[in-house]
Structure formats: structure tokens, C-alpha cells
Amino acid sequence: MENKKEIIVTGDRPTGRLHLGHYVGSLRKRVELQDDPRYKQYVFIADCQALTDNARNPEKIRQNLIEVALDYLSVGIDPTKTTIFVQSQIPELTELTFYYMNLVTLGRLQRNPTIKTEIKEKNFDGGIPTGFMTYPISQAADITAFGAKYVPVGEDQEPLLEQTREIVRTFNSIYGDILVEPRAILSADGVCRRLPGIDGSEKMGKSLGNAIYLADEPSVIKKQINNMFTDPLHLRVEDPGHLEGNIPFIYLTAFATPEHFTKYLPAYANLDEMKAHYTRGGLGDGTVKKFLNDVLNDVLTPIRERRKKYEQNIDFVYDMLEKGSREARAIATDTLKRVRRAMGLEYFEDTGLRNEYKSKYTNKK
Ligand code: ATP
Ligand code: MG
């Protein structure tokens with residue numbers, strides 16, 4: 001008997017190129033999981049979701065579709081192991097969303113902490129689009145269409161995943177046990193669950209203009225590191241330094257490994273030793289920033305090089321997305337069929353109701 005694999009699904013909005021936050025919050029885990037024989041992974045570009053707050057700027061979404069696909073390939077997501085698809089090419093997801101909408105109240109959507117934060121960030125002038133308010137419901141469709149059990153995401157997605165879980169429970173209690181309840185896989189390290197922006201704001205986000213992108217050139221990265229906020233009380237090298245809100249140290253927590261110390265800063269065995277020296281006094285911000293620059297180059301150089309290779313083969317990227325979308329659609333179609341059957345909407349395939357009516361009205365005087 002064939003061993004049934006557990007399903008993993010995640011997606012990214014094509015609102016810009018992918019950044020370091022994506023890498024530590026989700027991409028790194030996906031690359032690891034695609035090699036685990038226990039799982040089958042689907043990764044998608046959420047263009048429909050991106051339109052919920054960019055409806056008047058469709059060109060932005062269109063342009064970023066291939067950028068995100070290139071970023072996937074550049075970090076090592078392998079289309080022979082992971083199915084990569086485009087959300088808008090699976091219309092079945094829209095129909096699922098429409099049915100799930102009936103299971104969620106407006107009040108529940110308004111109370112979602114992620115939605116609340118994003119509404120504040122996005123400053124919708126002219127009002128909040130209905131599609132934006134309901135995108136957590138469409139996420140439930142994206143996840144359940146594939147029967148996903150695991151979703152490797154950053155912390156901002158937790159309340160959205162909870163919404164999906166609620167929809168699954170409600171659906172199953174009304175219509176029967178059809179949908180799979182998913183769980184988030186969060187990075188073990190707190191910093192990686194929500195990497196702050198280079199400006200020190202709570203989250204690095206591609207719509208927030210505070211990101212280091214995976215494809216950024218070394219000169220750009222160096223400039224951004226030099227501009228990073230450290231500790232305003234750390235005026236002279238000898239002064240004791242503070243780590244709280246110190247952006248280079250936060251990034252080192254997410255990226256630096258003991259191997260990086262051996263290679264670039266052998267005076268310390270690991271980050272704890274380096275932090276202790278900084279706190280005590282005697283370690284300058286220049287040294288910290290130079291080390292961070294070395295670490296990020298070490299992580300990003302192979303990614304940038306792989307990207308350049310795929311940039312020369314755009315046909316490969318298109319073919320991959322088309323093939324992946326076809327594969328994904330077949331699975332979503334099957335789920336939708338089961339959902340419609342469970343909801344009693346298969347009037348013509350299901351002869352039960354027809355026969356009920358026949359016996360109700362035949363032999364009646
Ligand atoms: P946008 O600003 O358009 O919403 P984004 O940068 O938030 O873009 P998304 O496409 O919304 O990116 O998110 C894709 C995935 O990356 C999600 O799983 C999200 O949790 C994760 N992610 C995004 N930003 C970060 C971050 N700063 N730290 C950790 N994970 C992140
Ligand atoms: Mg986001």
C-alpha cells in the first residue's frame with residue numbers, strides 16, 4: 001500500500017521581491033521540508049490575495065509574479081520536489097471561499113489581530129475593500145483545498161491560521177468530516193518568527209519599505225547595514241552597550257552560526273560571547289556591522305548566484321508555474337467535488353434527492 005504523505009501548503013503575495021524576513025520565517029523551513037519523505041509540499045504565489053489591497057495597481061502584482069518565482073528557485077525550492085503554482089489559476093479556490101464565507105461572522109473578521117494591524121499599516125483611503133476583510137477566508141480555501149496539515153509561516157500568520165481552523169471545525173460539524181485542520185509550523189527562534197525591519201519597526205515587510213531583499217546587491221546591503229540603528233548610549237567603544245532594539249544584533253541572532261564566527265570573527269566562539277563583550281564594553285558597532293555584512297553575504301551570495309542563472313531561463317520558470325498550476329488544480333477540483341457533495345449541491349450526479357421526490361409525488365391521488 002502506498003504510504004500517504006502529509007501535506008504542507010504555504011504562499012507569498014507577489015507584492016514585491018522576497019526578503020530576509022521570508023527567508024527566516026518560512027522559506028528556509030520549506031527548503032528543509034521538501035526533502036523529508038513524510039511530506040508533500042505545495043507553494044503558491046497568492047496573486048488574488050495581493051489584489052485585495054492592490055486592486056488599482058494590477059501591474060504591480062503581474063510584475064512581481066515572476067520575481068517571487070525566481071526568489072523561490074534561488075533559495076532552493078525545487079520544482080521536482082515541491083509543486084509551485086499560481087493562486088488565480090485555480091478558480092476552484094474562489095468557489096470554496098464563497099461557501100466558507102457563510103461560516104464566518106463579520107465581527108470575527110474585524111477582531112482578527114492581523115487584519116487590525118494591517119488595516120492600520122495600509123491606510124486605506126476610500127474605505128476597506130470587502131475582499132481585503134475576507135482574505136482570511138480565502139486563505140482557508142487555499143489551505144483546505146489541498147488537505148494541508150502543516151503551514152510553515154511567520155508569526156503574523158497565526159491568527160489567520162486560527163481562522164482557518166475555526167472554519168474547518170464549523171464546516172466539518174455541519175457537513176461531515178471533509179476538511180483537514182491545519183497547524184502552523186513556526187520557526188524555533190523567536191526573532192525569526194517576526195524579523196524586524198531595517199528601520200527597527202516591528203516587522204520587515206515588502207509593502208513596508210524596510211526590507212533587505214534576497215536579490216539585493218552587496219553594495220546595497222552594506223549601505224543598509226551602515227544605516228542601522230544600534231545603541232544611542234554606546235558612544236565610545238569602551239562604553240557598555242545595550243542589545244535591546246539593537247538591529248545588527250537582532251539580525252545576527254537570526255543568521256549567525258558558530259561557523260560564521262570561525263570564518264569571519266574567530267575572537268568569539270559564538271554570538272553569546274560576542275553579546276557579552278558588547279554589553280561589558282569594548283566592542284565597537286563598526287566591528288558588529290562588518291561581521292553582519294560578512295554573515296549576510298555568506299547567506300545571500302549563493303542565493304543571488306542561483307537567481308542569476310534562472311533569470312537567464314524565464315521559459316523554464318513559466319513552464320514550471322504552468323505545470324504546477326495544472327497539478328494543483330486537479331487536487332483542488334477533487335476537494336471541491338467532495339465539499340459540494342457534502343453540502344448536498346450535486347443535484348444531478350446524486351440520484352438520492354431525485355428518487356425521494358419521485359416517491360413523494362408518485363402514487364399520490
Ligand atoms: P506584504 O507586506 O505585502 O504583506 P510580507 O512581507 O508580509 O508582504 P507575505 O507575502 O505577506 O509577505 O508573507 C509571506 C510569508 O512570509 C508569511 O508566512 C509571513 O508570515 C512570512 N513573513 C513575512 N514577513 C516576515 C518577517 N518579517 N518575519 C518572519 N516571517 C515573515
Ligand atoms: Mg504580509
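Mind running the shape call on segment 218-310? Use the C-alpha gyration tensor, a ≥ b ≥ c as the square roots of the eigenvalues: rounded below 1.5 for a/c, prolate if a/b tops b/c, oblate otherwise. Because a/c hits 1.5 or more and a/b exceeds b/c, segment 218-310 counts as prolate.
Positive end of the dipole of the chain (Cβ unit charges, origin at the Cα centre): among Pro113, Ile77, Cys48, the Cα lying farthest that way belongs to Cys48. Between Glu244 and Asn227, the contour length at 0.36 nm per residue exceeds the Cα-Cα span by 4.4 nm. Students often get this wrong: which residues of segment 200-215 have the backbone nitrogen under 11 Å from the point 7 angstrom along Cα-to-C-beta of Lys120? Counting only backbone N, you get 202. Taken per residue, the accessible surface of segment 212-265 reaches 54 Å², heavy atoms only and a 1.4 Å probe. Legend: translational diffusion of segment 86-141 by Stokes-Einstein, Rh = Kirkwood radius over C-alpha pairs, 4 °C, 1.567 mPa s; D = 106 µm²/s. Only aspartates and glutamates eight or more places from Lys120 in sequence, or on another chain, were considered; those with a Cα closer than 15 Å are Asp53, Asp156, Glu202. When the solvent-accessible area of segment 218-310 is split by element, carbon and sulfur atoms take up 57 percent of it, the probe being 1.4 Å.
Cross-link pairs exceeding 18 Å between alpha carbons, from the set Lys263/Lys289; Lys29/Lys81; Lys206/Lys290; Lys60/Lys203: Lys206/Lys290; Lys60/Lys203.
Charges were assigned to the Cβ only: +1 to each Lys and Arg, -1 to each Asp and Glu. The resulting dipole of segment 218-310 about its Cα centre is roughly 680 debye.
Computed from backbone phi with θ = phi - 60° and the Karplus coefficients 6.51, -1.76 and 1.60, the 3J(HN,Hα) list for segment 56-61 is 8, 9, x, 5, 4, 5 Hz; x is used for glycine and proline.
Cross-link reach is defined here as a Cα-Cα straight distance under 28 Å, omitting same-chain residues fewer than 8 places apart; for Lys358 the lysines meeting it are Lys337.
Compared with the direct C-alpha span, the chain from Tyr318 to Ile174 gains 47.8 nm at full extension, assuming 0.36 nm per residue. Dipole of segment 218-310 computed with +1 at Lys/Arg Cβ and -1 at Asp/Glu Cβ about the Cα centre; of Pro218, Ala267, Asn293, farthest Cα towards the positive end is Pro218. Distance from the alpha carbon centroid of segment 326-355 to that of segment 1-34 works out to 29 angstrom. Helical runs (DSSP H, four residues minimum) scored at -39500 (n - 2.57) apiece and divided by the length of the chain put the mean residue ellipticity at 222 nm at -16000 deg cm²/dmol.
Within the chain, the longest run free of GluC sites (Glu not before Pro) that sit in a DSSP loop with at most 16 other Cβ atoms within 10 Å is 3-201.
Under a model in which nothing but the beta-carbon of Lys, Arg (+1) and Asp, Glu (-1) is charged, the chain shows a dipole of about 1180 debye around its Cα centre.
The values are calculated or read from the model by the stated rules, or taken from the named source; none is laboratory data. This structure is a prediction, so every number in the text was calculated from the model and none was measured. Cβ coordinates were reconstructed from backbone atoms using ideal geometry, including for glycine residues, and neighbour counts include every protein chain displayed. Accessible surface is based on the protein model in full, side chains and every heavy atom, while ligands, DNA and RNA are left aside. Shrake-Rupley method; radii C 1.70, N 1.55, O 1.52, S 1.80 Å.
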